[in-house]
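Presented below is the structure to which this report refers.
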């Protein structure tokens, strides 16, 4: 249990957060621009991950201390410190914290990518993305000589109403294809990482069970195996820095993608469309 929690690991994460904070401070775009908003949202997600682990670590520290408490306070603390004595509780909290990080970091990427594409792409490109599936089906059905009414029905079923419904890979691949000469890293490696991260994130919804063709991916000394109908396997048990490094690298990959874009105007963050609690 304690291999996940150590002062060394906590300090590592905090140092990386400080580095990211400095990176955001000197980033040359305004906060209203989606490219900088993405970095700020990523920082918030990563910092929340750190805070959640601080809470879990604090529960273990408190469990080792003699503290005078009222009966009602002790009932609350007993639940809080259960992470030390109850392995099931600890791993449940760990898995929940990791799931939150992976799903939230990917959702932020998808959200920002969609609205970058909406403002960046021409109407022609957007139209081609929205009708991509329909065009694929149309090419197959052409030999059946559908009448116009049936053709319209097929188009309605298979055309997308908004870029948010277009697969994320189709959107980032379009950016890569347009601005490939501006990319500062390996597009092939970054695409492989995004494919891996998307699969791993999707497994969160099925309690880590994967369905699909067998895949294998290695990152930071850990190999992840995806086998159909089985839980995702790891070559070693991930500690808190492994999950953090995955999300941090997602930030790096997405930053390279967004930085490759030649667009001097503001790619505005849709603040008026975002729910503010």
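Please go through region 78-99 and pick out each residue that is in a helix (DSSP H, G or I), surrounded by 13 or more Cβ atoms within 10 Å (Cβ to Cβ) and at pLDDT below 70.
Across region 78-99, the qualifying residues are 80, 82, 83, 84.
Matching residues to (1) modelled with pLDDT of 90 or more; (2) assigned to a helix (DSSP H, G or I):
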site: 124; (1), (2): yes, yes
site: 133; (1), (2): no, yes
site: 139; (1), (2): no, yes
site: 142; (1), (2): no, yes
site: 151; (1), (2): no, yes
site: 160; (1), (2): no, no
site: 170; (1), (2): yes, yes
site: 176; (1), (2): yes, yes
site: 189; (1), (2): yes, yes
Restricting attention to region 13-34, which residues are over 13 Å from residue 50 (Cα atoms) and not in a loop (DSSP other than H, G, I, E, B)? 19, 20, 21, 22, 23, 24, 25, 26, 33, 34
Need pairs with beta-carbon distance below 9 Å; first residue at positive phi and without any contact (Cβ under 8 Å) to a residue 40 or more places away in the chain and within region 214-235, second assigned to a strand (DSSP E or B) and surrounded by 12 or more Cβ atoms within 10 Å (Cβ to Cβ); sequence gap 6+ or separate chains. 229/209; 229/210
Just name the residue that is surrounded by the fewest Cβ atoms within 10 Å (Cβ to Cβ) out of those in region 252-267 that are out of contact with any strand residue (DSSP E or B) (no Cβ under 7 Å at 6 or more places or on another chain) and at pLDDT below 95. 264
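Do we have residue 6 as surrounded by fewer than 20 Cβ atoms within 10 Å (Cβ to Cβ), more than 30 Å from residue 88 (Cβ to Cβ) and modelled with pLDDT under 90 here?
So residue 6 does not fit the description; no.
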Restrict the check to region 143-163 and report whether at least one residue is without any contact (Cβ under 8 Å) to a residue 40 or more places away in the chain, surrounded by 15 or more Cβ atoms within 10 Å (Cβ to Cβ) and within 25 Å of residue 270 (Cβ to Cβ). yes
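The values are calculated or read from the model by the stated rules, or taken from the named source; none is laboratory data. Remember, predicted model here, so these are calculated numbers, not experimental data. Positions of Cβ are generated from backbone atoms using ideal geometry, with glycine treated the same way; all protein chains shown enter the neighbour counts.
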